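Notes to accompany the following structure.
The values are calculated or read from the model by the stated rules, or taken from the named source; none is laboratory data. These numbers come from a predicted model, not from an experiment. With ideal geometry, Cβ positions are generated from the backbone for all residues, glycine too; neighbour counts draw on all protein chains shown.
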Amino acid sequence: MTEAAAIGLPALHATHGGIWLAEGDGRVRAVGRGEALSLCAGTPTILLNAPLVAARLGLPEMSGLDLLELFAFVHPARFAVPTPPGLARALGLDPPADDSGAAAFYQRAAAALLARLGASDWPEREGAWTACQALGRLRWPWAALVGPRIVKPERGERWLFSKLPQWEEAGARPEARPLRLPDGATQDRLADLVGEGAEPREGQRAYAAAAARAFDPRLEAGRPRLVLAEAGTGIGKTLGYLAPASLWAEQAGGAVWVSTYTKALQRQLAAEGARLFSNEAERRQKIVVRKGRENYLCLLNLEDALQGGFAGRAAILAQLVARWAAYSADGDMVGGDLPGWLPSLFRRAGATALTDRRGECVYAGCPHYRKCFIERAARASEGADLVIANHALVMLLAARQAEGGQPLARIVFDEGHHLFDAADSTFAAALTGQEAIELRRWIVGPESRSRGRRRGLAARLADLASYDDEGARAIEQAVAAAHELPADSWLGRLAEELPLGPIETLLARVRATVLARASAGDAGFGLETHAAELDAPLIEAAAPAVEALEALMRPLARLRQRLIAVMEDAPDWLDGQARARIEGALGGLLRRGQTLAAWVAMLARLGGTTDPDYVDWLAVDRVEGREFDVGLHRHWLDPTRPLAEAVLKPAHGLLVTSATLTGGGDWSVAEARSGALHLDAPQTNFAVESPFDYANQSEVLIVTDVRKGDMPALAGAYARLIEASGGGALGLFTAIGRLKAVHARIADRLAREGLPLYAQHVDPIDTGTLVDMFRDEPHASLLGTDALRDGVDVPGDSLRLVVLEGVPWPRPTVLHGARRAANGGSAHDDRIVRARLAQGFGRLIRRAGDRGCFVLLSAAMPSRLLSAFPPGVPIRRLPLDEAVRHVASRLSSDASFGHQGPEEAKAAERHEEADAASARQIR
């Protein structure tokens, strides 16, 4: 009998296919929903992922002894796939054979975790006793079982904030030396990275040689070396560009910024760093992952939470996050070593408040400044050879540093087909209620007393106010002007037609205009309309709003001038910390000044002639019928224009690369979507096809008899296809509503066949963890939307079927309509659809031994779009019955389709070993 059973703890396992209970004495039996609810309400019960169990039982939430919370306490900064097999591997236990054995396994897992607390070699012991005492006071369900098993230390344990390492200041990096990489040296570095005994891949060698030209010396300012490189899946482009990038950084003494669109690729790149630097300490110095401030734990916010700022479940989360922070490599709460499932266990209550999402950092005024995870990452990136970041951050930093004369000189844009979309978001402007109230809080401070530290500009710049009278007056005037911005409960006042102040009045007119023009078919979802032919009340409301915004711009601009003057004057109190705090305030004032200028420019156009460079519209944002924002939006018609000016032209060399850079079209598509059209610069276009045998490894099936809008038929098609493949299916949807409807109809049916089904927007689990769970179970399937179409790398049998609900036409928004009209009408739509189909198909074949079917449930698929798929792929139009038989025969274990020969099998085995090694590095 296990320890958990011996102390009388029952365990419950619930799926769409049934509910199983392991009694306190170890006996297992199936139970009904009513009995399960009764048990959990009255008896402490061991569960795995309580929010998911609650969803399975039809409850909004439930409490219990969640194994994931216990795992996070015992092994902070470690990851486990939150499924019975995943947890078993993490604990070194035998996994349960089936669902009926999972509940008994939970008892064994609990016993193993509790036993770990008394082990002499438990590496995460420090801080556990103190944390458990705090958790006990918060009535954490596990505290009564954990506390007696942890020996009280003889001396008081160091508090988190005293044991975190401090970052050190370093001198400015010298300018990189100009050099041209010899082809031989690049090939030698590539061979080192690939490793001994690896099969030569000519496509990868040619790709590395082409990528190296992005590191040649720039001939003229404003004319960077530009390489556009399309490398099919399986070429090995990551190592292909890391070879010249690492060699150039080493020999030239400069930094290369590697920019991605997805967190998954960031993790992969970080893992590949082991090939470059086997020594972990050297690797941490040479390769740095840099993210936006909102990704990192804010130590001051955490201290506030631990000292009473959080209550209830949020306070328990804060304690577990503090445990994690003591062992975290980088403090990254989004995509780092904090398990993605941990915040979701608490419905994300308090998780976002532990990061700096409002730009309210006090910089050197913070008592934890020298230990700050954000500052540590920023300073580490200044001396790194390779800095891995995302497109949005790279664009913002590049634009900011170019203004200061220190551009990001060498940039690799991987996942380059997303450059257009990233630039579209980065260089857009939105005057909405949510944006305006955030600006008010940054200046004035919060209106509630719950977060007393965040008291606005006056508190953050108190020393300046006491030293400089003009600066103090500017702060006072800015605070007074900011009171004209929307305040708490602004949405309710708009709905009641009782706005306060000129900005709320403007937003009320925007809301009325949108609701008047929106069609009934849009009810319940986000609404929008053109910012054209506007009625008099809206136009009349714009002038007072502009006056209010300009009244705020003026004191903020004067305050910035006074801060610059203080920096130049350097009074006695301006030590290093004060200087850092003022530099931080200067950056914040600059960004918010730019935002205000964009808002004023947008409002100035209302009622007048439209600016041909921009697309303006009005919107009421909703989720399931509930309004959450109202405002005006402005996007560039071609966002690669500001991208070229702010990011590309200041650089010395750029590599833009992707497996689908041309989107199934030609180089004109890649040049238009990357900003190359706006550069007068030396340009190299390079393409190499995938080495995979798509004709034998894959098929495209176009189902001709599932009617559009027939939800029962759509759900039935998904269920039958997933059953035919035995799972391993990725179902892609263009609308969340249809995804939820299909999931509700088929989840129970598939579960009864032993085929687990997970779904974005349904299961209370973050997307990254859902993909981990899908990858971990060969018979599981996953339903999702665009994020899964573009950012999933699941090689092997775990993904052998991709089902797309229909042709992924772009949504007919105001912005899309303007770009469609400016870029060839239907030809513009076709380019978007080809790119989306190519990305979706690209999820299917990731390694040499993979096989699979891509199924499109649309009889209306135009033949002209079939060029999105690789040449030679068999494409068949057929009814659903035949498609189901086809999938069953092609994806069955004894089918010849995709059969691996001896060499392919060896290659697949090597890839699997490499994948496992990468996964260990990531975790």
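Restricting the range 581-622 to residues that are of a type in the set (Asp, Glu) and not in a helix (DSSP H, G or I) leaves a set whose member that is farthest from residue 293 (Cα to Cα) is 611. Taking residue 493 as the residue in question, decide whether it is closer than 12 Å to residue 618 by Cβ, charged (D, E, K, R) and more than 33 Å from the chain's Cα centre (by Cα). Judged against the criteria, residue 493 is not a match.
Within the range 466-480, restricting attention to residues that are out of contact with any Pro (no Cβ under 6 Å at 6 or more places or on another chain) and buried (at least 20 other Cβ atoms within 10 Å of the Cβ), which residue is modelled with the lowest pLDDT? Selected residue: 468.
What helices (runs of 4 or more DSSP H), lying completely within the range 175-288, carry at least 2 residues that are under 30 Å from residue 663 (Cα atoms)?
On the way: elements: 183-194, 202-212, 237-252, 263-276, 280-286.
Correct list: 183-194, 202-212, 237-252, 263-276.
Note on the range 291-327: residues that are more than 25 Å from the chain's Cα centre (by Cα), surrounded by fewer than 22 Cβ atoms within 10 Å (Cβ to Cβ) and assigned to a loop (DSSP other than H, G, I, E, B) amount to 2. When residue 614 is tested against (1) out of contact with any Lys or Arg (no Cβ under 9 Å at 6 or more places or on another chain); (2) within 30 Å of residue 671 (Cβ to Cβ); (3) free of Cβ contacts under 8 Å to residues at least 60 places away in the same chain, exactly one condition is not met: (1).
Here's the yes/no breakdown for (1) crowded, with 22+ Cβ neighbours inside 10 Å; (2) touching a strand residue (DSSP E or B) at 6+ places or on another chain (Cβ under 6 Å):
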{"residue": "240", "(1), (2)": "yes, no"}
{"residue": "248", "(1), (2)": "yes, no"}
{"residue": "253", "(1), (2)": "no, no"}
{"residue": "259", "(1), (2)": "yes, yes"}
{"residue": "265", "(1), (2)": "no, no"}
{"residue": "268", "(1), (2)": "no, no"}
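With respect to the conditions (1) modelled with pLDDT under 90; (2) small (Gly, Ala, Ser); (3) within 16 Å of the chain's Cα centre (by Cα), residue 259 falls short on a single one, namely (1). Restricting the range 166-197 to residues that are closer than 30 Å to residue 364 by Cβ and in contact with a helix residue (DSSP H, G or I) (Cβ under 7 Å, 6 or more places away or on another chain) leaves a set whose member that is surrounded by the most Cβ atoms within 10 Å (Cβ to Cβ) is 176. Of all residues in the range 803-832, those being surrounded by fewer than 21 Cβ atoms within 10 Å (Cβ to Cβ), among the β-branched types (Val, Ile, Thr) and within 16 Å of residue 861 (Cα to Cα) number 2.
Checking each residue of the range 675-684 against the condition of being polar (S, T, N, Q) and in contact (Cβ under 8 Å) with a residue 24 or more places away in the chain gives at least one match. Pairs linking a residue in the range 119-133 that is of a type in the set (Asp, Glu) to a residue that is assigned to a loop (DSSP other than H, G, I, E, B), with Cβ atoms under 7 Å and 6 or more positions apart or on different chains, are 124/75; 124/76; 124/327; 126/157.
If the condition is being touching a Ser or Thr at 6+ places or on another chain (Cβ under 8 Å) and β-branched (Val, Ile, Thr), then the range 721-779 contributes 722, 734, 736, 765, 769.
In the set (1) closer than 18 Å to residue 342 by Cβ; (2) of a type in the set (Val, Ile, Thr); (3) not in a loop (DSSP other than H, G, I, E, B), the condition left unmet by residue 81 is number (3). Scanning the range 559-602 for residues that are under 21 Å from residue 438 (Cα atoms) and more than 32 Å from the chain's Cα centre (by Cα) yields 559, 560.
One residue stands out in the range 257-282 among those that are touching a residue at least 24 places away in the same chain (Cβ under 8 Å) and charged (D, E, K, R): the one that is farthest from residue 386 (Cα to Cα), namely 263. Beta carbons closer than 8 Å, at least 6 apart along the sequence or on distinct chains, pair a first residue in the range 323-337 that is over 12 Å from residue 76 (Cβ atoms) with a second that is among the charged types (D, E, K, R) and assigned to a loop (DSSP other than H, G, I, E, B) for 330/337; 332/291; 334/291; 335/291; 336/330. Give me a count of the residues in the range 647-694 that are among the β-branched types (Val, Ile, Thr) and surrounded by fewer than 21 Cβ atoms within 10 Å (Cβ to Cβ). Qualifying residue count for the region: 3. Residues in the range 97-118 that are surrounded by 19 or more Cβ atoms within 10 Å (Cβ to Cβ) and in a loop (DSSP other than H, G, I, E, B): 117 only. Remark: pairs (first residue in the range 875-889, without any contact (Cβ under 8 Å) to a residue 40 or more places away in the chain; second residue of a type in the set (Ser, Thr, Tyr) and exposed (fewer than 15 other Cβ atoms within 10 Å of the Cβ); Cβ separation under 7 Å; 6+ apart in sequence or on different chains) are absent. Residue pairs whose Cβ atoms lie under 9 Å apart, sitting 6 or more positions apart in sequence or on different chains, and linking a residue in the range 57-72 that is at negative phi and crowded, with 21+ Cβ neighbours inside 10 Å to a partner that is at pLDDT 90 or above and basic (Lys, Arg), are 71/78; 72/78; 72/323.
Specify the residue that is nearest to residue 495 (Cα to Cα); the eligible residues are those in the range 623-644 that are hydrophobic (A, V, I, L, M, F, W, C) and in a helix (DSSP H, G or I).
Quick first cut of the range 623-644, residues hydrophobic (A, V, I, L, M, F, W, C) only: 623, 628, 630, 632, 636-637, 643-644.
Adding the requirement that they be in a helix (DSSP H, G or I) leaves 643-644.
Working: 643: 38, 644: 42 Å.
Step by step, filter the range 623-644, then rank; the result is 643.
Scanning the range 530-558 for residues that are acidic (Asp, Glu), over 38 Å from the mean Cα position of the chain (by Cα) and part of a helix (DSSP H, G or I) gives a single hit, 540. Only one of the numbered conditions (1) buried (at least 19 other Cβ atoms within 10 Å of the Cβ); (2) under 35 Å from the mean Cα position of the chain (by Cα) is not met by residue 145, and that is (2). Summed over the range 205-234, the residues that are without any contact (Cβ under 8 Å) to a residue 40 or more places away in the chain and buried (at least 17 other Cβ atoms within 10 Å of the Cβ) give a count of 4. As for the range 833-845, it holds no residue that is surrounded by fewer than 21 Cβ atoms within 10 Å (Cβ to Cβ) and among the charged types (D, E, K, R). Does residue 281 qualify as being under 24 Å from the mean Cα position of the chain (by Cα) and surrounded by fewer than 20 Cβ atoms within 10 Å (Cβ to Cβ)? Criteria not met by residue 281.
Being β-branched (Val, Ile, Thr) and under 14 Å from residue 646 (Cβ atoms) is the filter here; which residues of the range 393-441 pass it? Talk me through it step by step, then tell me what you get.
We begin by selecting, within the range 393-441, every residue β-branched (Val, Ile, Thr); these are 394, 411-412, 426, 432, 437.
Of everything in the range 393-441, those that are β-branched (Val, Ile, Thr) and under 14 Å from residue 646 (Cβ atoms) turn out to be 394, 411, 426.
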